[in-house]
Amino acid sequence: MDGKRPTIASVHGVVAAAHPLAAGAGARILSQGGNAFDAAAATAAALNVVEPYMSGLAGLGMATCYIAREQRVRCLDYITKIPSKFPAGRFSKREDMARGALASGTPGNLAGWCELVRAQGKLSLAEVLAPAIRLARDGFPLVEFNTSGINQSANGLKDFPFFDDWNQNYTGGAGVVTAGSVLRQGVLATTYEAIASEGPGYLYGGELGRKMVAHLASLGGCITLADLEAVAPEWQDPLAVQYRDVLMHTLAPPCEGFQYLLTLRILDGFELGKLERNGVEHLDIMYRAIRLAAGERIAHNKPSPETLARIMGDDNVARLRARVRDGVPVEGPTEQWIAPKPIDLNKEHTTSLSVADRDGNVVCITQSLGALFGSGVVIPGTGVCMNNFLYWGEVDVRGTNPLLPGGDLALPTAPSIALRGGKPVLALGTPGSYGICQTQPQALVQYMDFGLGLQDAIEAPRARLWDGTKVDQENRISEAVMAQLAARGHGIGSAGPWTMQVGGMQGIAIDQATGAMTGAADPRRDGYVATA
């Protein structure tokens, strides 16, 4: 209506995902008697097929869940340990970790999906994987975003020795795809059928795992069968903070989502709703809070419980709020302890999905391959593309997130669920690497402080902050506001009216009075909402 996406709502169940066929797969599972956990796993697996450059079974991820029968939020962390044989100190530049077998972390996504189904689902794993198997074997027509992702990767990977396997899997050896062509992934379908029959052990110690280890070793990789066998998704209590009248939850460290919650703690001290929406005061406060919270995360990554309590505590938050108010420009890093090289959007690729069911369960997942098609390494005869998550650790072991064998890997994801009065009212997640913890609070403020509907809040202009003072702002705000922000010390620049630099958000709002679940999906990608 009026040039906008329609509001999509249901009382039976909602799936918001980054591709309509994946959202439809999850909605189908809900209609077949599955719950939100079944549907989330089905959607995640389907995204492996229809959005293969963003995530897959050999990626990593995490979920924040409201478990209705337990009446509480729990988090499932399936970010794996750094491989035990990783050659610490071998690399001096982060860019050397961008592609290839040594960039791959031990896969965690498949283990996470299977654990969601095992622990909280209602259907069998075979039933949950059926939509992904069908999509892979029958194929699906490529749309513009698909062709862009595949063709961009073909150009970037063509000079690597492992390109032929990737090229055969995604372009049939042609090196290019066109919109409207049908991508069929028969070997991936066969892999999923084996997983449906044998369970996650097919990867974590079984035939697929042995093929993966052998092929990666032939390319100089370091993942071992013991690394795969040690994978064990972990249920955790969430980290939560109060923002206005809701309690916002995401994963605790080593997840870097505490930056998101610290930003909310800072912003909770300002009456943003009384300011002009997208005006200079609103955006100045937002940028400053985001940059200060990023600085705290970078200085104290993977904090101990005692350090985390100090970071999130009243005294530190009061200090940061005073810094927001003092008007002195804030300059500092937003990415890593060691400043990265210039931006490469090939590295800004992840996906997020949200699911809610009629029983009150809610699941928000953020998962990734780390970059566009991850490491670029495809395991021959399986259709499985490996991640490049070790790129997101720090090669300098003096940093706060160093790549040490067997150590934790901190990643900037923050799938979140908000409770009001102990009941879920919002699920919100986004891709965007180090921009995740920046862009989620921006959308949340549009929704909670300025009263926009969730779809409008996700569509509202957002910004991505980089190291130093650089800010890429979607230019659907006034030129006068951008000029005033620059005068206040923000290195403001236009990112055009819409940009993937600010993520691809999916969310669900839940009306406690009526039970209505309203989905919202980001038009910056192929996001879509489907209902049961």
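For the stretch 254-271, the candidate set comprises residues that are part of a loop (DSSP other than H, G, I, E, B) and either of a type in the set (A, V, I, L, M, F, W, C) or more than 16 Å from the chain's Cα centre (by Cα) (or both); within that set, the residue that is nearest to LYS423 (Cα to Cα) is ASP268. Condition first: in contact (Cβ under 8 Å) with a residue 60 or more places away in the chain, outside any loop (DSSP other than H, G, I, E, B) and closer than 30 Å to VAL397 by Cβ. Can you find one or more residues in the stretch 272-289 that meet it? Checking the stretch 272-289: not a single residue is in contact (Cβ under 8 Å) with a residue 60 or more places away in the chain, outside any loop (DSSP other than H, G, I, E, B) and closer than 30 Å to VAL397 by Cβ.
Summed over the stretch 474-515, the residues that are under 21 Å from the mean Cα position of the chain (by Cα), assigned to a strand (DSSP E or B) and free of Cβ contacts under 8 Å to residues at least 60 places away in the same chain give a count of 0. Only residues that are over 22 Å from LYS81 (Cα atoms) and either free of Cβ contacts under 8 Å to residues at least 24 places away in the same chain or acidic (Asp, Glu) (or both) were counted across the stretch 396-449, and they come to 1. Residues of the stretch 140-188 that are basic (Lys, Arg) and either in contact with a Lys or Arg (Cβ under 8 Å, 6 or more places away or on another chain) or crowded, with 17+ Cβ neighbours inside 10 Å (or both): ARG184 alone. Quick check, is ASP159 free of Cβ contacts under 8 Å to residues at least 12 places away in the same chain, more than 30 Å from ASP408 (Cβ to Cβ) and outside any helix (DSSP H, G or I)? The answer is yes for ASP159. Just one of the listed residues (LEU188, LEU116) is part of a helix (DSSP H, G or I) and within 23 Å of GLU234 (Cβ to Cβ), namely LEU116. Here the stretch 372-413 is the region considered, the condition is being hydrophobic (A, V, I, L, M, F, W, C) and modelled with pLDDT of 95 or more, and the residue that is nearest to GLY149 (Cα to Cα) is PHE373.
Return the only residue of GLY376, GLY399 being assigned to a loop (DSSP other than H, G, I, E, B), of a type in the set (Gly, Ala, Ser) and surrounded by fewer than 22 Cβ atoms within 10 Å (Cβ to Cβ).
Just a single option satisfies the conditions, and that option is GLY399.
The C-beta contact set for the stretch 460-472 (first residue closer than 26 Å to ASP449 by Cα, second residue of a type in the set (Lys, Arg) and not in a loop (DSSP other than H, G, I, E, B), distance under 6 angstrom, 6+ apart or interchain) comprises LEU465/ARG291; ASP472/ARG464.
The values are calculated or read from the model by the stated rules, or taken from the named source; none is laboratory data. Values in this document were obtained by computation on a predicted structure and should not be read as measured data. Reconstructed Cβ throughout: ideal geometry from the backbone, glycine too, with neighbour counts over all protein chains shown.
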